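> This is the structure I have questions about; it appears just below.
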Amino acid sequence: MIAAVVLAAGASTRFGSPKQRVLLGPVVERLRESSVGDIVVVLGAHEVDVDARTVHCPEWARGPGASLRCGLAALGPDVEAAVVVLGDGPDLDPRAVDRVVAAWRESGAARLGATYDGARLHPLLLARSGWDEVPDAGLRDLPVELVECDDLSPPGDVDSADDLYGRQPPLEAE
């Protein structure tokens, strides 16, 4: 089984309030439209009601890697790989998730990441064999096999209220 880990443990200081309350619902909805069989949302600085299984990461302030390790630890032994997404990427396209999963099934690579016009973004996929190698800084600086998603909308990255309210709506899935 492939599971999704949604990283949503941050303090949202630039947003001014817990942005997870606004953004997690759309991210979880989009993941449910993909092929993942389980979803775990990692919370830390703020407790948020969300329609998915949650895990609290007491070490969230150490960095995204600490949050990711908490999420991975919450997954069952039947999970072969985890799709990693950010809780502040409300435009996540479920087809990008499925494309990264399909590329992993073909290649068996330890880490894969979606690219949009050459920029590496989310989703990322981490095979179980790499779960013990997650640094506190997260996966950003680790090499990944790239999966082109140029024909899809990138997931977005909402850091401030201006980012949320000033953005264009996502392209509709065809």
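> What's the extension gain from residue 32 to residue 148 if we count 0.36 nm per residue and subtract their Cα-Cα distance?
39.6 nm
> Hey, any idea what Rg/Rh is for the stretch 16-144, computing Rh the Kirkwood way over Cα pairs?
Ratio of gyration radius to Kirkwood radius for the stretch 16-144: 0.93.
> In whole percent, and with a 1.4 Å probe on the protein chains, what portion of the accessible area of the stretch 51-117 is carbon and sulfur?
52
> Which of rounded, prolate or oblate describes the stretch 54-129 when judged by the alpha-carbon gyration tensor and an a/c cut-off of 1.5? Provide the component values of the computation, followed by the final result.
Values: a/c = 1.97, a/b = 1.28, b/c = 1.54.
Oblate, because a/c is 1.5 or more while a/b does not exceed b/c.
> Find the percent of Cα-Cα distances in the stretch 36-96 that exceed 13 Å, and round it to a whole number.
Values: 1174 of 1830 pairs.
Within the stretch 36-96, distances greater than 13 Å cover 64 percent of Cα pairs.
> Here is a further query. On average, how much accessible surface per residue is there in the stretch 79-130, in Å², for a 1.4 Å probe, leaving out ligands, DNA and RNA?
That works out to 33 Å² per residue.
The values are calculated or read from the model by the stated rules, or taken from the named source; none is laboratory data. Worth saying up front: this structure is predicted, and the values here are computed from it rather than measured. For the accessible areas, the whole protein counts, side chains as well, though only heavy atoms, and no ligand, DNA or RNA atoms are used. Shrake-Rupley method; radii C 1.70, N 1.55, O 1.52, S 1.80 Å.
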